[in-house]
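Report on the following structure.
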Amino acid sequence: MLLSRLTLSEFRNYAALTWRPASRIAAISGANGSGKTNLLEAISLLVPGRGLRSARVAELARRAPGASGRWAVTGRFASPAGEADIATGTPPEGPADRRVFRLDGAAPRSQAELAGHAAAVWLTPQMDRLFQEAASGRRRFLDRLVWALEPSHAREVGAHDTALAQRNRLLARHSEDRAWLAGVEDALARHAVAVTAARAALVDRLNAALAGGASGGFPPARMALLCPIAERLRGASALDVEEWLRDGLAASRAADAQAGGASLGAHRADMTLADAASGLPASLASTGQQKALLIGVVLGHAALIAQARGFAPLLLLDEPAVHLDPARRAALFAAVSSLPAQILMTGTDREVFAPLAGAAEFLRTHEGTLLADPDMPIPC
């Protein structure tokens, strides 16, 4: 799969941009705030999900005198499914805080339809804090891995969260309508089991891929899903686990009303990562070790997508060399050079990417522009 053209309009700090990648690998350098990450974010918005920053729609429009508050991103992709134009942004008419998609100019039936033409995985500096922050960030990371392979997972997560919010509101109002509560809890249980089953399946597949050497020269990691629903699914049917969860939700109504939230559900899950060889948990590892484990996970995940869908995803690596020692930087560039995937990398210092000279297109961002680096040749 290749991105052959990217067009931005009033997006972040870009008033207008059209870029046609000249190589499978792009090394993008520039000062902080010049638009490197904005470029990767734009591409990440063309696949299912909320993009690499999970930003609100209103935050994506260019802020400048006279700006309309509306924005658009379009990418042309070539994949085994054929060539397709995917666009997203605010509608020409209607609320500016609403985001729409277009596939070859028409509204897609679902985001899953987009996923048949494009896929992307990414690594950002914010992930460096993944194991020092709350479990919610690790759940979002895991869910992004899942829906890159199973686009319908996003719908299940959304339905779970909607049912959870409905139950919380009913409990907060001390609703006496037991039938209504039971109906909401039934939906919550069904979606929680579906979400958890998809997460558990991804963890098993990814661990197998990493154990088989898919981490691209980085230390193979082992992922674990910490979730009582997942534990029960390993020894019982989905229907039995749904019934257990419904009973648990009904029994905990009073306690949940007092606590202000449900004690059971897919929203209580956590994800851990450890070095497969030493067993060292990522939460106790150095920043460099954590970064190396995450890069290995991203590379292994890309290999899974390629195997499952017949094409490798775009790899969007924002500041990937930060915190890596020279040996691991060399491993990163070796992996990038050998992967059958289109890869975009960013960094403040162009010299970091010098080992890729002759293999990568070197570009610079400056005040909302993207320029070819005149000192670096474009690969043939």
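Looking at ALA78, ALA84, can you tell me which residue is over 18 Å from the mean Cα position of the chain (by Cα), within 25 Å of LYS36 (Cβ to Cβ) and not in a loop (DSSP other than H, G, I, E, B)?
So the residue among ALA78, ALA84 that is over 18 Å from the mean Cα position of the chain (by Cα), within 25 Å of LYS36 (Cβ to Cβ) and not in a loop (DSSP other than H, G, I, E, B) is ALA78.
Could you tell me whether region 137-157 includes any residue that is under 14 Å from the mean Cα position of the chain (by Cα) and free of Cβ contacts under 8 Å to residues at least 40 places away in the same chain?
So far as region 137-157 goes, yes, one or more of its residues are under 14 Å from the mean Cα position of the chain (by Cα) and free of Cβ contacts under 8 Å to residues at least 40 places away in the same chain.
Do we have LEU17 as touching a residue at least 40 places away in the same chain (Cβ under 8 Å) and either crowded, with 21+ Cβ neighbours inside 10 Å or of a type in the set (Phe, Trp, Tyr) (or both) here?
Considered against the rule, which asks whether it is touching a residue at least 40 places away in the same chain (Cβ under 8 Å) and either crowded, with 21+ Cβ neighbours inside 10 Å or of a type in the set (Phe, Trp, Tyr) (or both), LEU17 comes out as no.
Kindly provide the set of residues from region 311-340 that are under 23 Å from GLY30 (Cβ atoms), of a type in the set (Gly, Ala, Ser) and under 20 Å from the mean Cα position of the chain (by Cα), ordered by number.
Passing the criteria: only ALA321.
Considering only residues of region 308-341 that are within 18 Å of VAL47 (Cβ to Cβ) and outside any loop (DSSP other than H, G, I, E, B), which is modelled with the lowest pLDDT?
Ranking the qualifying residues of region 308-341, first place goes to ARG309.
Quick check on region 344-360: of everything there that is in contact (Cβ under 8 Å) with a residue 12 or more places away in the chain and part of a helix (DSSP H, G or I), which residue is farthest from ALA331 (Cα to Cα)?
Among those residues, the one meeting the criterion is ARG350.
In region 1-50, what count of residues is obtained for those that are out of contact with any Phe, Trp or Tyr (no Cβ under 7 Å at 6 or more places or on another chain), part of a helix (DSSP H, G or I) and among the polar types (S, T, N, Q)?
Of the residues in that region, 1 qualify.
Report, ordered by the first and then the second residue, all pairs with beta carbons closer than 6 Å, sequence separation of six or more or different chains, a first member in region 180-202 that is under 15 Å from LEU226 (Cβ atoms) and hydrophobic (A, V, I, L, M, F, W, C), and a second member that is modelled with pLDDT under 95 and assigned to a helix (DSSP H, G or I).
VAL195/GLU156; VAL195/VAL157; LEU202/LEU145; LEU202/VAL146
Can you find a residue in region 173-187 that is out of contact with any Pro (no Cβ under 6 Å at 6 or more places or on another chain), at pLDDT 95 or above and closer than 30 Å to ILE343 by Cα?
There is no residue in region 173-187 that is out of contact with any Pro (no Cβ under 6 Å at 6 or more places or on another chain), at pLDDT 95 or above and closer than 30 Å to ILE343 by Cα.
Taking ALA119, is it touching a Phe, Trp or Tyr at 6+ places or on another chain (Cβ under 8 Å), modelled with pLDDT under 95 and under 22 Å from PRO320 (Cβ atoms)?
Against the criterion (touching a Phe, Trp or Tyr at 6+ places or on another chain (Cβ under 8 Å), modelled with pLDDT under 95 and under 22 Å from PRO320 (Cβ atoms)), ALA119 qualifies.
Just checking, how many residues over region 122-141 are buried (at least 20 other Cβ atoms within 10 Å of the Cβ) and under 16 Å from ALA201 (Cα atoms)?
Result for region 122-141: 1.
Applying the selection to region 212-259, what residues are at pLDDT below 95 and assigned to a loop (DSSP other than H, G, I, E, B)?
Matches in region 212-259: GLY212, GLY213, ALA214, SER215, GLY216, GLY217, PHE218, PRO219, PRO220.
Output yes when any residue across region 60-75 is at pLDDT 90 or above and within 30 Å of GLN290 (Cα to Cα), and no when none is.
yes
Pull up region 181-210, narrow it to residues that are of a type in the set (Gly, Ala, Ser) and closer than 21 Å to ARG138 by Cβ, then point me to the one that is surrounded by the most Cβ atoms within 10 Å (Cβ to Cβ).
ALA192
With ALA331, ALA360, ALA302 as the choices, which residue is surrounded by 24 or more Cβ atoms within 10 Å (Cβ to Cβ) and either polar (S, T, N, Q) or touching a Phe, Trp or Tyr at 6+ places or on another chain (Cβ under 7 Å) (or both)?
Answer to the selection: ALA360.
Hey, among ASP143, ASP161, which residue is in contact with a Lys or Arg (Cβ under 8 Å, 6 or more places away or on another chain) and either of a type in the set (Lys, Arg) or closer than 28 Å to LEU249 by Cα (or both)?
When all the criteria are applied, what remains is ASP143.
Only residues that are surrounded by fewer than 17 Cβ atoms within 10 Å (Cβ to Cβ) and more than 22 Å from the chain's Cα centre (by Cα): list them for region 261-279, please.
Within region 261-279, GLY261, SER263, ALA277, SER278, GLY279 qualify.
For residues that are over 26 Å from ARG364 (Cβ atoms) and either aromatic (Phe, Trp, Tyr) or outside any helix (DSSP H, G or I) (or both), tally how many sit in region 51-64.
The number of residues fulfilling the criteria is 2.
The values are calculated or read from the model by the stated rules, or taken from the named source; none is laboratory data. On a predicted model such as this, the values are computed, not experimentally measured, just so you know. Counting neighbours? That spans all protein chains shown, and the Cβs are built from the backbone with ideal geometry, glycine included.
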